[in-house]
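The values are calculated or read from the model by the stated rules, or taken from the named source; none is laboratory data. Predicted, not measured: the structure shown is a model, and the values here were computed from it. Cβ placement follows ideal geometry from the backbone for every residue including glycine, while neighbour counts extend to all protein chains displayed. The protein model used for the area step is the full one, side chains on, heavy atoms only, and it has no ligands, DNA or RNA in it. Shrake-Rupley method; radii C 1.70, N 1.55, O 1.52, S 1.80 Å.
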Amino acid sequence: VWSFTTEPVGYPIQNITATASSFHNADMGPEKTINGSGLNADDLHSKEPIDMWLSGAAGPQPTWIQYQFDKVYKLNQMWVWNSNQTVESFVGFGFKDVTIEYSTNGTDYMILGTTHQFAQAPGTDGYAHNTTIDFSGVAAKYVRLTAISNWGFLTQYGLSEVRFFYIPVLASEPK
């Protein structure tokens with residue numbers, strides 16, 4: 001007789017590749033949103049611009065950033081640390097209204113709910129994530145975030161860090 005208990009907790013996805021419609025410079029590429037740069041041991045983010053992704057000023061619109069996982073996961077949540085540069089309170093690079101799409105094959109995308117709003121970052125050191133998106137267990141290998149608006153007036157958009165959590169669907173450690 002086999003018995004097992006499913007886990008109610010999500011685990012962070014480790015193997016992720018990030019691409020974007022554009023980036024400001026080589027030090028501010030989309031990989032900055034998944035590599036932990038700017039995060040301390042308590043998951044609090046810095047205000048240093050080179051620790052974040054920022055789209056190019058003349059980049060194509062709408063601005064998007066896409067995440068590709070190593071396999072299809074049953075997604076639980078996405079945590080977002082929005083753009084947190086010192087100038088955030090008056091320039092507002094951070095995503096505000098966002099369309100979130102997901103796909104298992106990178107071709108056929110589904111929209112997650114309606115438009116989502118990401119909270120604005122304070123532009124100070126020690127910034128904890130302040131946006132959590134519930135994926136309700138959808139299966140995905142790709143997630144694309146498309147900016148509809150930001151918290152400012154420029155056509156540049158940015159994010160500090162994004163973390164995805166999955167729910168295990170296979171039993172492990174049988175006893």
Response to the item:
Taking the stretch 41-91 and keeping only residues that are of a type in the set (K, R) and without any contact (Cβ under 8 Å) to a residue 24 or more places away in the chain, one is left with none
Discussion item. I'm checking my understanding of the structure. Among residues of the stretch 1-19 that are in contact with a Phe, Trp or Tyr (Cβ under 7 Å, 6 or more places away or on another chain) and surrounded by 10 or more Cβ atoms within 10 Å (Cβ to Cβ), which one is modelled with the lowest pLDDT?
Written reply: G10
Worksheet item: If you scan the stretch 110-127, which residues turn out to be assigned to a loop (DSSP other than H, G, I, E, B) and open to solvent by 30 Å² or more (accessible area, probe 1.4 Å)?
Response: G113, T114, T115, A119, Q120, P122, T124, D125, G126
Worksheet, complete the sentence: Just one listed residue, out of G92, G137, is surrounded by 20 or more Cβ atoms within 10 Å (Cβ to Cβ) and on the phi > 0 side of the Ramachandran plot, and it is G92
Discussion item. Cβ contacts < 6 Å: first residue part of a strand (DSSP E or B), restricted to the stretch 129-146; second residue crowded, with 17+ Cβ neighbours inside 10 Å and of a type in the set (F, W, Y), any location; separation 6+ or different chain. Result?
Written reply: T131/F118; T132/W79; A140/Y102; K141/F69; V143/Y67; V143/Y102; R144/W64; T146/W64
Worksheet item: From the set of residues in the stretch 20-79 that are among the acidic types (D, E) and closer than 21 Å to E101 by Cβ, which is surrounded by the fewest Cβ atoms within 10 Å (Cβ to Cβ)?
Response: D70
Worksheet item: Which residues, taken from the stretch 147-172, are open to solvent by less than 30 Å² (accessible area, probe 1.4 Å) and outside any loop (DSSP other than H, G, I, E, B)?
Response: A147, N150, G158, L159, S160, E161, V162, F164, F165
